[in-house]
Amino acid sequence: MQREIHQWYSPRLNKDMEIAVYGHYGFALLMFPTAAADFLEYERFQLIDALAPWINAGKIKVFSINSINSEAWLNNRMHPRHKAIRHQQYNGYVEQEVVPFIQTFTSQDTPIITTGASLGALHAANMFFRRPDMFAGTIAMSGVYDLTTYTKGYYDEDVYFNSPCHYLPNLSDENTLNRLKSSGHIHILAGSGDYEDPDASRRLAGVLASKGIGFDLDIWGHDIRHDWPTWRMMLPYVIDKKF
């Protein structure tokens with residue numbers, strides 16, 4: 001498997017940010033880490049190995065980026081307003097730095113599918129729902145799609161516009177809605193076992209249904225817990241069966 005590590009100084013985040021690239025061809029799979037983890041998390045926990053058949057076959061090219069969650073919603077020493085600002089800066093980093101980087105390794109026309117597990121699922125889904133002109137779909141695993149879950153009661157405009165269960169019900173822009181409706185690749189997965197919250201996925205699915213946006217909701221059994229073996233099964237399954 002072709003593997004490269006890249007790094008550059010992000011002017012939006014005011015720090016060096018790394019990205020791991022796996023594969024040589026295929027649509028782009030943009031991976032958001034869980035919790036306070038880093039760009040090599042999916043490799044360490046063998047999810048990249050689980051995707052190896054599709055990476056080596058040229059079906060997907062994987063881009064795994066760093067998180068700044070420990071500098072935003074997971075930083076208990078930071079004022080909530082500054083957490084919201086940092087979150088928005090991260091959005092700018094992804095949209096204005098990561099996406100052009102991916103396009104240099106693929107092409108302007110290569111679809112970019114976002115994915116992540118746990119807190120990474122919220123980032124992945126939110127990024128796609130905000131910018132369906134930039135991303136072609138999302139694979140969200142074991143996520144909670146209400147950002148206030150992480151804000152400890154804080155709420156402002158930036159929280160609203162990064163919380164899919166808040167802004168999607170009020171979405172009225174026809175261009176954005178049409179892009180979301182035509183995606184064909186909104187895959188929402190959750191288990192029903194320990195530490196999973198399948199109702200969070202059901203709530204997101206209900207919001208999408210109310211807007212006429214198609215989706216694939218897949219709730220797995222009570223033996224499927226919030227852990228890496230789950231995601232090592234889920235993501236290859238979706239890549240194999242849905243793309």
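The values are calculated or read from the model by the stated rules, or taken from the named source; none is laboratory data. Values in this document were obtained by computation on a predicted structure and should not be read as measured data. Every residue, glycine as well, gets a Cβ built from its backbone with ideal geometry; the counts of neighbours run over all protein chains shown.
The combined condition, being within 20 Å of the chain's Cα centre (by Cα) and more than 23 Å from GLY143 (Cα to Cα), is not fulfilled by TYR42. Among the residues making up the stretch 196-214, those that are under 19 Å from LEU180 (Cα atoms) and either outside any helix (DSSP H, G or I) or free of Cβ contacts under 8 Å to residues at least 24 places away in the same chain (or both) are ARG202, ALA205, GLY206, ALA209, LYS211, GLY212, ILE213, GLY214. If you check LEU217 against the conditions, is it assigned to a strand (DSSP E or B) and under 17 Å from the mean Cα position of the chain (by Cα)? Answer is yes for this residue. State all residues of the stretch 62-108 that are among the hydroxyl-bearing types (Ser, Thr, Tyr) and either closer than 22 Å to GLU41 by Cα or in a helix (DSSP H, G or I) (or both); if no residue qualifies, say none. The answer is SER64, SER67, SER70, TYR90, TYR93, THR104.
Considering the stretch 184-195, and only residues there that are in contact (Cβ under 8 Å) with a residue 40 or more places away in the chain and in contact with a helix residue (DSSP H, G or I) (Cβ under 8 Å, 6 or more places away or on another chain), the residue that is surrounded by the fewest Cβ atoms within 10 Å (Cβ to Cβ) turns out to be HIS185. Applying the set (1) buried (at least 20 other Cβ atoms within 10 Å of the Cβ); (2) over 20 Å from ALA50 (Cβ atoms) to ARG202 leaves exactly one unmet item: (1).
Of the residues ASP16, ASP38, the single one that is acidic (Asp, Glu) and touching a strand residue (DSSP E or B) at 6+ places or on another chain (Cβ under 6 Å) is ASP16. Does MET134 fit the bill of being surrounded by fewer than 23 Cβ atoms within 10 Å (Cβ to Cβ) and either part of a loop (DSSP other than H, G, I, E, B) or hydrophobic (A, V, I, L, M, F, W, C) (or both)? Yes.
With the structure loaded, tell me whether LEU122 is of a type in the set (A, V, I, L, M), farther than 23 Å from TRP228 by Cα, in contact (Cβ under 8 Å) with a residue 24 or more places away in the chain and buried (at least 20 other Cβ atoms within 10 Å of the Cβ) or whether it fails that test. So LEU122 fails the test. Here ASN170 meets each of (1) among the polar types (S, T, N, Q); (2) under 28 Å from ILE5 (Cα atoms); (3) free of Cβ contacts under 8 Å to residues at least 40 places away in the same chain; (4) surrounded by fewer than 17 Cβ atoms within 10 Å (Cβ to Cβ) with one exception, condition (2).
Across the stretch 1-51, the number of residues qualifying as of a type in the set (Lys, Arg), without any contact (Cβ under 8 Å) to a residue 60 or more places away in the chain and not in a strand (DSSP E or B) comes to 1. Filtering SER163, SER201, SER183 for residues that are within 26 Å of LYS83 (Cα to Cα) and in contact with a strand residue (DSSP E or B) (Cβ under 6 Å, 6 or more places away or on another chain) leaves a single hit, SER201.
So that you can scan it fast, the table gives a plain yes or no per residue for (1) more than 15 Å from ASN126 (Cα to Cα); (2) at pLDDT 95 or above; (3) aromatic (Phe, Trp, Tyr); (4) part of a loop (DSSP other than H, G, I, E, B):
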{"residue": "GLY153", "(1), (2), (3), (4)": "yes, no, no, yes"}
{"residue": "LEU180", "(1), (2), (3), (4)": "no, yes, no, no"}
{"residue": "ASP194", "(1), (2), (3), (4)": "yes, yes, no, yes"}
{"residue": "ASP223", "(1), (2), (3), (4)": "yes, yes, no, yes"}
